[in-house]
Amino acid sequence: MRILQVNSARNLGGGETHVLELVDALRGRGHTVVVAGRREGPLHPDVTLPFLNSADLFTMVRLRSVIQRGGFDVVHAHVARDYTIVAAAAWGIRGPKVVFTRHLLYPVRRHFLYKRVDGWIAPTAQMLKTVEPLKPKYSAVIPNWVDVQKLPYRPHAFHSPVSVGLIGQISPHKGHDDAIEAIRQLGDGFRLIIAGKGNPNYETSLRKKSAGLPVEFLGFISLHEFFDKTDILIVPSWEEPFGIVLLEAMASGIPVIATNRGGPAEILRGVLVPPRDPGALAKAILSVRPKEFTRDAREHVEKNFDLRNVVPRIEAFYRKL
């Protein structure tokens, strides 16, 4: 197949890594894949376009020309702001099937251009429900993935004190305040390590809140180094669309705790707690034992979320269309 992947991201994040891995895997399976994106973007696109906004007429016209000349079987967009541009660019062109992936939990706003969309992919059943009002022609749940071969299974004995790890964007909705309060309730024997960066003012407020507590801010750190330091991974987000780091931890033999809103409720082999409830989070941390559930979690990831098992499902989705 000839496939055009479209992504207008400015920075490299989980969604962009997802696209890069998909492109490499599809090429490895013998498909011709062209990437359209921003010149200064992280995807090293074959076709560069400005993508000024979701109504960028110039980008739409340029993209339409690319689609007309490219002989593509599939045009696949991954970012919500690109939906209208891609649908408009493909409008009236016979041949290519238009596929959108939905990575967000809030409902998709109706638009007449979405009549041009042939198929919707969502990583979880909850995300798929956000497109149901559009009455899609064809849709499927196909999860995000990890490359299990790059994640050696290495469960380890707990440190003393026990290291509770939280990694990712430092933002209120990610539950950092709740994590700090949980550590306060746990007392001696536990420490919290926070990796990642975010709004400087919010990070300053967290440092003040955690003064006198065993809380360490690591900044940017490699996942490998973070997992070596971490005994229990927590994802205390108020709502988490998916949670790739949960898959990475489960594959690596790290016990996991997450809130029961969004993706974790569908993908987790670990402990689920209510969001914004530091007491429940503290209780869950106390309940976890070294190596508990980790082999089952690793097998769960290998079977359902490994790159080599998921990409063929996307390929099959394309062929179905």
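The values are calculated or read from the model by the stated rules, or taken from the named source; none is laboratory data. This is a predicted model, so every value here is computed, not measured. Here Cβ is always computed from backbone atoms with ideal geometry, including for glycine, and neighbour counts include all displayed protein chains.
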Problem set entry | Inter-residue pairs, beta-carbon under 6 Å, first farther than 16 Å from residue 235 by Cβ and in the stretch 269-298, second hydrophobic (A, V, I, L, M, F, W, C) and part of a loop (DSSP other than H, G, I, E, B), 6+ apart | 290/157; 290/158
Exercise. Under the condition of being within 21 Å of the chain's Cα centre (by Cα) and on the phi < 0 side of the Ramachandran plot, which residue from the stretch 186-197 is modelled with the lowest pLDDT?
Worked result: 197
Exercise. Within the stretch 18-30, can one find any residue that is modelled with pLDDT of 95 or more, in a loop (DSSP other than H, G, I, E, B) and not small (Gly, Ala, Ser)?
Worked result: yes
Exercise. Do we have residue 206 as outside the structural domain of residue 311 (by TED's automatic domain parsing), in a loop (DSSP other than H, G, I, E, B), surrounded by 13 or more Cβ atoms within 10 Å (Cβ to Cβ) and at pLDDT 95 or above here?
Worked result: no
For this session: Write out, first by first residue and then by second, each pair whose Cβ atoms fall under 7 Å of each other, whose residues are 6+ apart or on separate chains, and whose first residue, in the stretch 228-256, is at positive phi while the second is among the polar types (S, T, N, Q).
Result: 253/294
Seminar exercise, completed: Residue set 140, 157; condition of a type in the set (Gly, Ala, Ser), surrounded by fewer than 19 Cβ atoms within 10 Å (Cβ to Cβ), farther than 26 Å from residue 12 by Cβ and out of contact with any strand residue (DSSP E or B) (no Cβ under 8 Å at 6 or more places or on another chain); output residue 157
Exercise. Any idea which residue in the stretch 39-63 is nearest to residue 20 (Cα to Cα), counting only those that are in contact with a helix residue (DSSP H, G or I) (Cβ under 8 Å, 6 or more places away or on another chain), surrounded by fewer than 18 Cβ atoms within 10 Å (Cβ to Cβ) and not hydrophobic (A, V, I, L, M, F, W, C)?
Worked result: 42
Exercise. Which residue out of 265, 297 is crowded, with 19+ Cβ neighbours inside 10 Å and part of a helix (DSSP H, G or I)?
Worked result: 297
Problem set entry | Test result for residue 249, touching a strand residue (DSSP E or B) at 6+ places or on another chain (Cβ under 6 Å) and over 24 Å from residue 185 (Cα atoms) | yes
Problem set entry | Selected residue [among the hydrophobic types (A, V, I, L, M, F, W, C) and either in contact with a Pro (Cβ under 6 Å, 6 or more places away or on another chain) or free of Cβ contacts under 8 Å to residues at least 24 places away in the same chain (or both)] from 179, 140 | 179
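I'm trying to understand the selection: among the residues of the stretch 92-116, which are aliphatic (A, V, I, L, M) and in a loop (DSSP other than H, G, I, E, B)?
Residues of the stretch 92-116 aliphatic (A, V, I, L, M): 93, 98-99, 104-105, 108, 113.
If the condition is that a residue be aliphatic (A, V, I, L, M) and in a loop (DSSP other than H, G, I, E, B), then 93, 104, 105, 108 are the ones that fit.
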